[in-house]
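Accompanying notes for the structure given below.
The values are calculated or read from the model by the stated rules, or taken from the named source; none is laboratory data. This one's a predicted model, so the numbers in the text were calculated from it and none came from an experiment. Virtual Cβ from ideal backbone geometry, glycine too; neighbours counted across all protein chains shown.
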Amino acid sequence: MDAIATDIPDTLKLVDHPTARNAAVATRELPIGTVVLTEPVLTSVLFSYQTGRRCDYCNRSDQAEPELRIRKCTGCEVQGYCGELCQKRHWDSGHKLICRVLFRFMMSDACAALPHDQEVDCRVLSQLVAEIALQRPESAASIDIFESLLPSPHGLEVPPIVPMRRVDHNLLSRVPTLYQRFPNNNHVVQNHLRGIGVAILPLTSRLLNHSCSPNAVLRYILSASEKPRAEVVTIREISEGEEVSIPYLDPAISYPERQNRLKDTYGFDCSCKLCTVQSSMDIHPVDATQVLPLVDLLDPMLCQLAFGEGITIDFQLPEEQLCVRLPEDLQPLMDDSILSVLTERFRLAFRERFFEAAMTVGKTIFAIYLCIYPPYYPQIGVHVLDMAQVAWEKYLNEKIRENLDIVSIYLAIARRILDVYGREGDSGGPLDEANALLGTIQSEEQK
Ligand SMILES: [Zn+2]
Ligand SMILES: [Zn+2]
Ligand SMILES: [Zn+2]
């Protein structure tokens, strides 16, 4: 614990935990929306489909900020930067050891044969090794914490790394040990809830345990000339002494699959509140052809549970996931095969402008989300914002004045949730979109 004592923020302290290494508990009452931990990535790489569209150092996108121009590094023709400062900082943090050989390495048979996740790991690992080889004082503490993390429960096949001249045998011999910490510690960098790359966040990994009913979530802040910065933000009030936890994977994944993945990747059995209630439910995949008949049958009961008398301007989000008091008849809806059919249907109906159908299926998805996710979970906010957009398009199509109220109701719920999650990633994200729609509705109301 000593290595990290100076890095723990004053909102948290480490205590013993019956099964995990430690638990990070709140040192005081933390209101909803509090940033409890901030950590710049030790190193991060973009998924390959993002390269050329984002800066490899600050991760900002030229799509979101049209004044940005991503220029390729003339040395390797692989990495791209939004400006000279980002390029210099990336160079100093390790790219200088990699640049000269990167292109040839990426084109090599060994690299081309790697599956997608190993290809990403290979780039993260190379970047980490370069960072360690340079022995920069500013990353020393973070590297120490990374090396102190628990290793994966499995033996792993180590991907190749970019051959670097200035890396000695001692460091090369540590590569398997470094890699052993990847699968159960590395994080996906998210922009508006979509993955854009992979990051190493040693302090976050060391401090925060997993829960499928988390009271905090990660968000990423992208700023000019800086590495992406992860922030842990609370999504409900946390009392003093209560453990702060984040989701390592999506709580909407079906219970049996979630347990398997947590066991396999992280080596533990989750006994969070959601897992405890779902462990006694009969959850199994529903055949795609059976999803809609099942949903039609159960929808009235589900909506009664989630929305009571309906979604009105006084609608209050529940205190916690509705799963904790889910009637037995609704339990089959907790399998993710249901959500995948419904979300696809919602997307198609919206795209094809079947607004009534989109509103109906969207409402069911909202209700299922309220069963699975904590009420201020950002995915719910983004979905309800989509509902507000559908309702707005429907209003424009029909121009029925009362339907404008429906837009306002969904938008108010979305803004309440997204305000807690706050701004993250590129500008023009869900919160900005919600505020823009609010402006549009207000000027429509004045007409
Ligand atoms: Zn940049
Ligand atoms: Zn380069
Ligand atoms: Zn759990």
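Right, Cys82: within 16 Å of ligand 2 (Cβ to nearest atom), in contact (Cβ under 8 Å) with a residue 40 or more places away in the chain and either within 25 Å of the chain's Cα centre (by Cα) or outside the structural domain of Arg229 (by TED's automatic domain parsing) (or both) or not? Spelling it out, Cys82 is indeed within 16 Å of ligand 2 (Cβ to nearest atom), in contact (Cβ under 8 Å) with a residue 40 or more places away in the chain and either within 25 Å of the chain's Cα centre (by Cα) or outside the structural domain of Arg229 (by TED's automatic domain parsing) (or both). When you scan segment 41-54, do you find a residue that is away from ligand 1 (no atom under 14 Å from the Cβ), over 21 Å from the mean Cα position of the chain (by Cα) and surrounded by fewer than 18 Cβ atoms within 10 Å (Cβ to Cβ), even just one? No, segment 41-54 contains no residue that is away from ligand 1 (no atom under 14 Å from the Cβ), over 21 Å from the mean Cα position of the chain (by Cα) and surrounded by fewer than 18 Cβ atoms within 10 Å (Cβ to Cβ).
Residue-wise test of (1) under 29 Å from Ile32 (Cβ atoms); (2) over 14 Å from the mean Cα position of the chain (by Cα); (3) away from ligand 3 (no atom under 16 Å from the Cβ).
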residue: Arg174; (1), (2), (3): no, yes, yes
residue: Gln180; (1), (2), (3): no, yes, yes
residue: Pro183; (1), (2), (3): no, yes, yes
residue: Asn186; (1), (2), (3): yes, no, yes
residue: Asn191; (1), (2), (3): yes, no, yes
residue: Gly197; (1), (2), (3): yes, no, yes
residue: Arg206; (1), (2), (3): yes, yes, yes
residue: Asn209; (1), (2), (3): yes, yes, no
residue: Leu218; (1), (2), (3): yes, no, yes
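If only residues of segment 66-106 that are crowded, with 18+ Cβ neighbours inside 10 Å and among the polar types (S, T, N, Q) are counted, the one that is nearest to ligand 3 (Cβ to nearest atom) is Ser93. For the residues Leu201, Leu149, Leu222, the requirement of being in contact (Cβ under 8 Å) with a residue 24 or more places away in the chain, over 22 Å from Ser48 (Cα atoms) and in the same structural domain as Lys13 (by TED's automatic domain parsing) singles out Leu149. If you go through segment 103-130 and pick out every residue that is part of a helix (DSSP H, G or I) and more than 29 Å from the chain's Cα centre (by Cα), you end up with 5.
Does segment 422-437 contain at least one residue that is on the phi > 0 side of the Ramachandran plot, surrounded by 13 or more Cβ atoms within 10 Å (Cβ to Cβ), at pLDDT below 95 and not assigned by TED's automatic domain parsing to the domain that holds Ser223? Yes, that holds for at least one residue. Residue pairs whose Cβ atoms lie under 7 Å apart, separated by 6 or more positions or on different chains, with the first residue in segment 279-299 and among the aliphatic types (A, V, I, L, M) and the second outside any helix (DSSP H, G or I), are Ile283/Ser254; Ile283/Asp335; Val286/Asp335; Leu294/Val286. Of all residues in segment 190-214, those that are surrounded by fewer than 22 Cβ atoms within 10 Å (Cβ to Cβ) and among the basic types (Lys, Arg) total 1.
Outside the structural domain of Val189 (by TED's automatic domain parsing), in contact with a strand residue (DSSP E or B) (Cβ under 7 Å, 6 or more places away or on another chain) and either under 30 Å from Thr34 (Cβ atoms) or surrounded by fewer than 18 Cβ atoms within 10 Å (Cβ to Cβ) (or both): does that describe Cys303?
Working: outside the structural domain of Val189 (by TED's automatic domain parsing): yes; in contact with a strand residue (DSSP E or B) (Cβ under 7 Å, 6 or more places away or on another chain): no; either under 30 Å from Thr34 (Cβ atoms) or surrounded by fewer than 18 Cβ atoms within 10 Å (Cβ to Cβ) (or both): yes.
For Cys303, the condition - outside the structural domain of Val189 (by TED's automatic domain parsing), in contact with a strand residue (DSSP E or B) (Cβ under 7 Å, 6 or more places away or on another chain) and either under 30 Å from Thr34 (Cβ atoms) or surrounded by fewer than 18 Cβ atoms within 10 Å (Cβ to Cβ) (or both) - is not met.
None of Glu226, Glu240, Glu257 is assigned to a helix (DSSP H, G or I) and either under 17 Å from Thr19 (Cβ atoms) or over 17 Å from the mean Cα position of the chain (by Cα) (or both) except Glu257.
Among the candidates Glu231, Glu320, Glu257, the residue that is surrounded by fewer than 19 Cβ atoms within 10 Å (Cβ to Cβ) and away from ligand 3 (no atom under 16 Å from the Cβ) is uniquely Glu231. Would you confirm whether or not segment 27-39 contains a residue that is under 28 Å from Ser225 (Cα atoms) and either in a loop (DSSP other than H, G, I, E, B) or within 16 Å of ligand 3 (Cβ to nearest atom) (or both)? Yes, because at least one residue in segment 27-39 is under 28 Å from Ser225 (Cα atoms) and either in a loop (DSSP other than H, G, I, E, B) or within 16 Å of ligand 3 (Cβ to nearest atom) (or both). Taken over segment 328-360, residues that are surrounded by 12 or more Cβ atoms within 10 Å (Cβ to Cβ), on the phi < 0 side of the Ramachandran plot and assigned to a loop (DSSP other than H, G, I, E, B) amount to 2.
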